Every structure is written in C-alpha cells, then in structure tokens.
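Scroll down for the structure; my scribbles are underneath it.
The values are calculated or read from the model by the stated rules, or taken from the named source; none is laboratory data. Not measured: the values here are computed from a predicted model. FYI the Cβ positions are ideal-geometry reconstructions off the backbone, even for glycines, and counts take in every protein chain you see. Protein only, heavy atoms only, side chains kept; ligands, DNA and RNA dropped before computing areas. Shrake-Rupley method; radii C 1.70, N 1.55, O 1.52, S 1.80 Å.
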Amino acid sequence: MREAENLLARKLRHDGVARSPLPDTDFVGETFARQAERALRALVKTGVSAIVLECKVVKVAEAVRDIAVPTMLGLIEIENGKVQGLLNLDTDFAYHLIDLMLGGDASIAPVPITRTFTEIDMALCRLAHEGLLGAFTEALAACFGRPPARALQLAGQRQDIAQLRFAPEHVDVLVYDIALDIGGAARAGNMRLVLPLAMLDVICAILRDEGGVRREEPSDLWGSRCGTRRLARAWRSTPWRSAGAWRSRMSCASGSAICSSFRRTRSPISSS
C-alpha cells in the first residue's frame, strides 16, 4: 500500500508538460506578431514592431510567476466555452499605449509611470485586447485555412494577477512572449498570451470538424515540388499518395500508369 502511495506522489510531482496541439506553433506565433503590428498600428497611428521572444508550453504557475502589479490583464474565452486564457499587456506597454491613444507624441519616449489604471485606461486597453484577439484569430486562420466558427472573446479585465485564478497551477499552457516597439522613439513593452492546452484542443477540434486544412509544409516534397498549388492538391487527393507510393514496391507497369494519370492531371493546369 505504501509503495502505491509513493508512486502516486511521484506522478503528482511530475514536472513534464504536454505538447501543443497546434500543427505549427512557431508559425502561429510569428503570424500573430505580424497581425498584432497591424492591429496596434490602427490604434496608435504610428509604426509598431513585434518580435516573438519565446514560445513554449509550461505550467500555469510558471507562466504567471513574473507578471508585475499593476498590469493590464485580459481574460480570454472561446464562445460557449468554459476554459479561459490570459492576454497580458505589461505596465510599460499599457502606459505607452494609453498615452499614444490619447494623442501623445510618438517621436519621444517618456518614462512610464507605474500607477493604478483608471476606468478610461481600461476602456482604451480593451480596444487593444480585442484587436490582439482578432490578430490571433487571423493567425489561426492562416495555419488552418479558415478561422474558427466560435470566436475568441474578451471575458473581462483585471489589474492584479492575484484577482483571478483562470486555471489550476498544474495545468499546461502555451505561452507566447512578444516584445513590442512603438513609434520613432521605440517605446518598448511586452505582451504575453497564455492559452491552456485544453482551450487549444477545443479550437483545433472545431477547425478540424469544419474541414480546416493546414498550410503547406515546406518539407513536403510531393506537395511543394509539383509545380503548382492545384497540381499539389490533385496529388494529395490521390489514394496512392496516402498509401505511401514513395516507399511502395510496384511493377514498371504500375509506375507507368501512375505517371500517365499524373500527366493527365497536369495537362489542363499547364494550359490554364
């Protein structure tokens, strides 16, 4: 009995994390950064640069450990979903964002003032939160071929991480840390997107049920070396591709038949 208790204790102390369910986590992160630049540029009316610093799966306790107070926290949820995520704009970035949205000079970089955010500050940053959620939705659409039918939405805003408990500390979450520069004076700040893997599982399941298609992989030689996208789609739809034609043993007659069907597929495409 004691051995069983010790085994259970070791399993509960296990520090391993699961893999992200996204087909291409890094691609989603880079696309999210580019779309975030576009969304924020529309709010501050000046140039914005975003760089993905880190993309990893960790426990909730590690993901929120270094979030300072006060900060601009946005609670994220998927429509009709129960699991919540987190979108954090750090104090410096929130200060610069509010200042520029209220008509500040983008050519200078004043020292950020750490203070409690007012209701006006929260309302202005709500626009930023919603724009960044739209940017992440567009990143998912670029990865899967279409946006999810159930939208990501902002469930609330907080200033202190101690004010909320959006997930238990042992839950695995995907974290995107992104550094941002705004304006000619390079006003700097960071934002962090924290998404429980359970939420990503729901999003991936929705997109797959809708028939979403992954973007083409550069290592897919059969897809990328076929000359055109239409020809690549024709190649993917053939039964002998999924059967592993490149590893199969076949007679010369079978190979010739495949080449003939391939040429028939290519002929109308080249003529168009």
Which residue pairs have Cβ atoms closer than 9 Å, lie 6 or more positions apart in sequence or on different chains, and pair a first residue in segment 23-52 that is within 22 Å of Ile206 (Cβ to Cβ) with a second residue that is acidic (Asp, Glu) and surrounded by 16 or more Cβ atoms within 10 Å (Cβ to Cβ)?
Thr31/Glu138; Phe32/Glu138; Gln35/Glu138
Given the criteria assigned to a helix (DSSP H, G or I), free of Cβ contacts under 8 Å to residues at least 24 places away in the same chain and more than 17 Å from the chain's Cα centre (by Cα), does Ala94 qualify?
no
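Rundown of residues vs (1) more than 29 Å from Asp99 (Cα to Cα); (2) more than 16 Å from the chain's Cα centre (by Cα), yes/no style:
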{"site": "Leu124", "(1), (2)": "no, yes"}
{"site": "Leu132", "(1), (2)": "no, no"}
{"site": "Thr137", "(1), (2)": "no, no"}
{"site": "Gly145", "(1), (2)": "yes, no"}
{"site": "Ala151", "(1), (2)": "yes, no"}
{"site": "Ile182", "(1), (2)": "no, yes"}
{"site": "Ala185", "(1), (2)": "no, yes"}
{"site": "Val194", "(1), (2)": "no, no"}
{"site": "Leu207", "(1), (2)": "yes, no"}
Tabulated pairs, segment 64-76, first within 28 Å of Arg150 (Cβ to Cβ), second outside any strand (DSSP E or B), C-beta under 6 angstrom, 6+ apart or interchain
Val64/Ile161; Ile67/Ile161; Thr71/Asp90; Thr71/Thr91; Met72/Ala94; Met72/Cys125; Gly74/His129
Only one of (1) under 25 Å from Pro168 (Cα atoms); (2) open to solvent by 20 Å² or more (accessible area, probe 1.4 Å); (3) without any contact (Cβ under 8 Å) to a residue 60 or more places away in the chain; (4) part of a helix (DSSP H, G or I) fails for Ala61. Which number is that?
(3)
Exactly one condition in (1) of a type outside the set (Ser, Thr, Tyr); (2) within 16 Å of Pro21 (Cβ to Cβ); (3) in contact with an Asp or Glu (Cβ under 7 Å, 6 or more places away or on another chain) is not met by Val194; state its number.
(3)
